[in-house]
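Q: Mind having a look at this structure? Questions to follow.
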Amino acid sequence: MQMSEGVEWALHSCLNLAWAEHQAVTARKLAAFYDLPPAYLNRQLQALARAGIVASTSGPRGGFRLARAPEEITLLDVVVAIEGGRDAFRCQQILRDGPGGRSDVDYRRHCLVSQAMSRAELAWRRELAAQTLADIRDSVEEKHPDAPRMARNRLAQPAR
């Protein structure tokens, strides 16, 4: 499974918004932080807004801010907002067309390959759901205490 780069961009943007202390930050400023294409990052931010992770304000003082406390935003929330909620593995029930296959059997439930993949995906989703943006923020701050100040300073600079 491979997630789009938008997931990484969205997670880092959310982390920077957590350090922005409720100040609205434009997509252009967030994009400039990592030299990302503003239009593409804006699409990711709009997806986060639709999911209720960030709030968007228009106008000259507008931009994005977290819509919920970092403790209430899981990594899974961000991944689902960007990638969608569909399972990574989707059983196509090819056993129906194999030797001994039967049309009256739901192989999504009986196929051992499908069951193993479902268990793996559930474990992956549980791990993402168990970690919040606050957990990541706290870990970064422990290893890099200047990160919040540096982020605020960088976000305060005019966008390129």
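Q: Viscosity 1.306 mPa s, temperature 10 °C: Stokes-Einstein D of region 47-99 from its Kirkwood Cα radius, in µm² per second?
A: Values: Rh = 13.7 Å.
Result for D is 116 µm²/s.
Q: What is the local net charge at A24, summed over the other residues whose Cβ is closer than 9 Å to its Cβ (Lys, Arg +1; Asp, Glu -1)?
A: That sum, taken over residues with Cβ under 9 Å, equals +2.
Q: Let me ask you something else. Could you work out the helix-only [θ] at 222 nm for the chain, with each DSSP H run of four or more residues adding -39,500 (n - 2.57) and the total divided by the number of residues, to the nearest 500 deg cm²/dmol?
A: -17000 deg cm²/dmol
Q: On to the next question. Any idea what Rg and Dmax come out to for region 1-94 if you just take the C-alpha atoms, in Å?
A: Considering region 1-94 through its Cα atoms, Rg and Dmax are 14.2, 55 Å.
Q: Also: Using R₀ = 35 Å, calculate the FRET efficiency as 1/(1 + (r/R₀)^6) where r is the Cβ-Cβ separation of A134 and L112; round to 0.05.
A: It comes to 0.35.
Q: Now for a separate question. Tell me, what is the per residue accessible area of region 1-110 in Å², probe radius 1.4 Å?
A: Ligands and nucleic acids excluded, the result is 60 Å² per residue.
Q: Starting from 0.36 nm per residue, how many nanometres of slack lie between E8 and Y34 once their C-alpha separation is accounted for?
A: In short, 8.2 nm is gained.
Q: Sticking with this structure for a sec: Measure out, as a whole number of angstrom, how far apart the alpha-carbon centroids of region 130-148 and region 18-79 sit.
A: 17 Å
Q: Across all directions of projection, what mean area in square nanometres is found for the Cα convex hull of the chain?
A: For the Cα atoms of the chain, the hull's average projected area reads 11.6 nm².
Q: Determine the shape class of region 64-151: with a ≥ b ≥ c the square roots of the Cα gyration tensor eigenvalues, call it rounded for a/c under 1.5, and otherwise prolate if a/b is greater than b/c, oblate otherwise.
A: Prolate is the answer for region 64-151, as a/c is 1.5 or above and a/b outweighs b/c.
The values are calculated or read from the model by the stated rules, or taken from the named source; none is laboratory data. Remember, predicted model here, so these are calculated numbers, not experimental data. Counting neighbours? That spans all protein chains shown, and the Cβs are built from the backbone with ideal geometry, glycine included. These area figures cover heavy atoms from the full protein model, side chains too; ligands, DNA and RNA do not enter into them. Shrake-Rupley method; radii C 1.70, N 1.55, O 1.52, S 1.80 Å.
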